[in-house]
């Protein structure tokens, strides 16, 4: 199987200001120049214009941390995929564990957001993952498969050829804990195997990112696993040197 290009996407969560963003974006833009991996930053909605202004013409993409399932209408506070496309977004994160947990997003709603992003030409980054209780109960694979199958049922396996999947064990986000490289690899392999049941070609080309407390110190070992195609980076993406070190590891 040919080596897939690795993607490192920074998820800034609810952080940032115009002033602090500028120095961070400038540093990432300069440091990522010439790197072989794909790099992107997913910023809060108010900073999309700034990201576009700074990153246009560079090899760093940008995207949003969420997207509405609706194209337009009386949905106050929602932001549609077409609006994100107006700001030059390439990516939109859907189904992040914090959205599933804090906002009660169901698998079906995530699947609808995935479809909306694709419909406006965005690349969805579909997040899947289990809680600590689910891992300890031994149901990690069934949880991740359930989340993935909602999207497969709604959009079909061919849609994943234009998408990215990110495995984010909920118990390893913002806790300082991380899955071992082999634990992460096992889930990534299970994701790819499930997609391969429907289409082996799509599965072979699918980028599956790891999103559980990736740092410069563990990135090389994680990314060295055969089914880990990069990372969805949280806190480390807020420090340019750390994010760039992870990009270099990819």
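The values are calculated or read from the model by the stated rules, or taken from the named source; none is laboratory data. Keep in mind the model is a prediction, meaning the values are calculated, not measured. Here the Cβ is made from the backbone with ideal geometry for all residues, glycine too, and neighbour counts use every protein chain on show.
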Q: Would you confirm whether any residue within region 162-175 is loosely packed, with under 14 Cβ neighbours inside 10 Å, without any contact (Cβ under 8 Å) to a residue 40 or more places away in the chain and within 25 Å of residue 217 (Cβ to Cβ)?
A: yes
(Q) If residue 139 satisfies all but one of (1) touching a strand residue (DSSP E or B) at 6+ places or on another chain (Cβ under 9 Å); (2) surrounded by fewer than 17 Cβ atoms within 10 Å (Cβ to Cβ), what's the number of the condition it fails? (A) (1)
Q | Filtered residue count, region 224-250, keeping only those that are over 21 Å from residue 44 (Cα atoms), surrounded by fewer than 24 Cβ atoms within 10 Å (Cβ to Cβ), modelled with pLDDT of 95 or more and touching a strand residue (DSSP E or B) at 6+ places or on another chain (Cβ under 9 Å) | A | 2
**Q.** Counted residues, region 183-209 - those being part of a helix (DSSP H, G or I) and either touching a residue at least 60 places away in the same chain (Cβ under 8 Å) or within 17 Å of residue 139 (Cα to Cα) (or both)
**A.** 13
Q: For residue 78, state whether it is in a loop (DSSP other than H, G, I, E, B), free of Cβ contacts under 8 Å to residues at least 24 places away in the same chain and touching a helix residue (DSSP H, G or I) at 6+ places or on another chain (Cβ under 6 Å).
A: no
Q) So which of 138, 212 ends up being out of contact with any helix residue (DSSP H, G or I) (no Cβ under 9 Å at 6 or more places or on another chain) and part of a loop (DSSP other than H, G, I, E, B)? A) 138
Q) Does residue 16 satisfy the criteria of being under 22 Å from residue 102 (Cα atoms) and either buried (at least 16 other Cβ atoms within 10 Å of the Cβ) or modelled with pLDDT under 95 (or both)? A) yes
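Take residue 189 and decide whether it is touching a helix residue (DSSP H, G or I) at 6+ places or on another chain (Cβ under 8 Å) and either surrounded by 21 or more Cβ atoms within 10 Å (Cβ to Cβ) or within 24 Å of residue 200 (Cβ to Cβ) (or both).
Values: touching a helix residue (DSSP H, G or I) at 6+ places or on another chain (Cβ under 8 Å): no; either surrounded by 21 or more Cβ atoms within 10 Å (Cβ to Cβ) or within 24 Å of residue 200 (Cβ to Cβ) (or both): yes.
No.
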Q | Failed condition for residue 21, given (1) more than 17 Å from residue 240 (Cα to Cα); (2) in a helix (DSSP H, G or I) | A | (1)
